[in-house]
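The values are calculated or read from the model by the stated rules, or taken from the named source; none is laboratory data. Worth saying up front: this structure is predicted, and the values here are computed from it rather than measured. A quick note on method: Cβ atoms are made from the backbone with ideal geometry, for glycine too, and the neighbour counts reach across all protein chains shown. Side chains are part of the model used for accessible areas, which takes the heavy atoms of the whole protein and leaves out ligands, DNA and RNA. Shrake-Rupley method; radii C 1.70, N 1.55, O 1.52, S 1.80 Å.
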Amino acid sequence: MTQTSDNVTWLTQEAYNQLKAELEYLSGPARTEISVKIAAAREEGDLRENGGYHAAKEEQGKMELRVRQLTQLLEHAKVGEPPADDGVVEPGMVVTIAFDGDPDDTLTFLLASREYATGDIETYSPQSPLGTGVNGKRMGEEAEYELPNGKKATVKILAAKPYTD
């Protein structure tokens, strides 16, 4: 799991390996594939009206942005262990909260970097308003965070367990 503070990103060994493999693929085989697509599209003639060429160039731009993001992330990564199962909310934890103390109005989410977003569980960044509010709190404690409209909301921490795939 990750926590970004002072430009350091904490990663498990598994997460580091996964991101490094993605970077290696994008920096090698994927770059070659996109170069071939661009060259083939360029050979089709007039570039101003060549949809394939423009699509390939846009894909190349997105890929290069991802390469830069991964490079920066991995340069500042510290590999460590998953968080302890001690009930303290921190990145890498699956957190269950109750809104306004109502045990029927709950939300369970993973507190982690966007790199961990999966379809299995909703992910909130530690830098998000909710993430900032709950980070460091213990089960049973209340946390306050700012809503987009500027008002404050209070939640109660019902559970905090380390995330497991």
*Given (1) in a strand (DSSP E or B); (2) open to solvent by 70 Å² or more (accessible area, probe 1.4 Å); (3) at pLDDT 85 or above, where does A143 come up short, assuming only one miss?*
(2)
*Would the range 6-28 turn up any residue that is assigned to a loop (DSSP other than H, G, I, E, B), closer than 18 Å to H76 by Cβ, at pLDDT below 85 and of a type in the set (D, E, K, R)?*
yes
*All but one of (1) at positive phi; (2) touching a helix residue (DSSP H, G or I) at 6+ places or on another chain (Cβ under 7 Å) hold for A143; which doesn't?*
(1)
*Working carefully through the options P126, P103, find the one that is modelled with pLDDT of 85 or more, over 28 Å from S27 (Cα atoms), assigned to a loop (DSSP other than H, G, I, E, B) and of a type outside the set (F, W, Y).*
P126
*May I ask you to verify whether K78 is surrounded by 13 or more Cβ atoms within 10 Å (Cβ to Cβ) and either modelled with pLDDT of 85 or more or of a type in the set (D, E, K, R) (or both)?*
no
*Hits in the range 41-75 (condition: of a type in the set (A, V, I, L, M), modelled with pLDDT of 85 or more and open to solvent by less than 70 Å² (accessible area, probe 1.4 Å))*: A41, A55, A56, M63, V67, L70, L74
*Number of positions in the range 14-58 that are under 15 Å from Q69 (Cα atoms) and free of Cβ contacts under 8 Å to residues at least 40 places away in the same chain*: 4
